[in-house]
Amino acid sequence: MKRRAEALLCCLLTLPMAALAERADRDQPVHIEADRVVIEDARRLATYEGNVVLTQGTLRIAAQRVEVRQDDAGFAHGDARGNPVHFRQRMEGRSDYAEGWAERVEYDGRANVIRLTGKARLKRGEEELRGHLIVYDRASEFYRAEGGAAGAPGRVRAVILPKRDAAAQP
């Protein structure tokens, strides 16, 4: 189960900017550190608690609690919680990193959807998206952000840099 749990964690919290993430990371070993781990083979569930740190190549995820389960069809589902959960990964072909923070990060392997909830923030270079909730559908590359929790007033904030025309640059 330990190897299965590690394999599940490989795809658990793939960055929402996954299309730009360092592809070579997928071939790297997964290293997990935590204060405690409980593995329930019958339920296909692994729970890591206490200062959880997962690294795989340039990917680094830090949380207080991470649960990973596998459904009957073999899809991974993950739930990371922290104050905040933080993840960081180098972007493909670039020297800068994509980063994210949220109180909770959920990954649904079947739907290929990532949800960041509670003070959610994504940052890629100088571009940034903030809100209470950020949902990213990896298959359609669709983002949705909401400002307030459970219908409460709130705002989404974004910083988007203008695209530079390569022909116009010196």
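Bear in mind that the values in this text are calculations on the coordinates, not laboratory data. Nothing here was measured: the structure is a model prediction, and the numbers come from that model. As a convention, Cβ positions derive from the backbone with ideal geometry for all residues, glycine included, and neighbour counts pool all protein chains shown.
Extension gain, K163 to E92, is 23.7 nm, computed as 0.36 nm per intervening residue step minus the present C-alpha separation. Extension gain for the segment E141 to E126, taken as residue separation times 0.36 nm less the Cα-Cα distance, is 3.4 nm to one decimal. Taking 0.36 nm per residue of sequence separation and removing the Cα-Cα distance, the N112/E40 pair yields an extension gain of 23.5 nm.
When each of the peptides 129-142, 48-61, 149-162 is scored by how many other beta carbons lie within 10 Å of its residues on average, the order from highest to lowest is 48-61, 129-142, 149-162.
So, R0 is 22 Å and r is the distance between the beta-carbons of A24 and V53; what FRET efficiency does that work out to, to 0.05?
Result of the calculation: an efficiency of 0.65.
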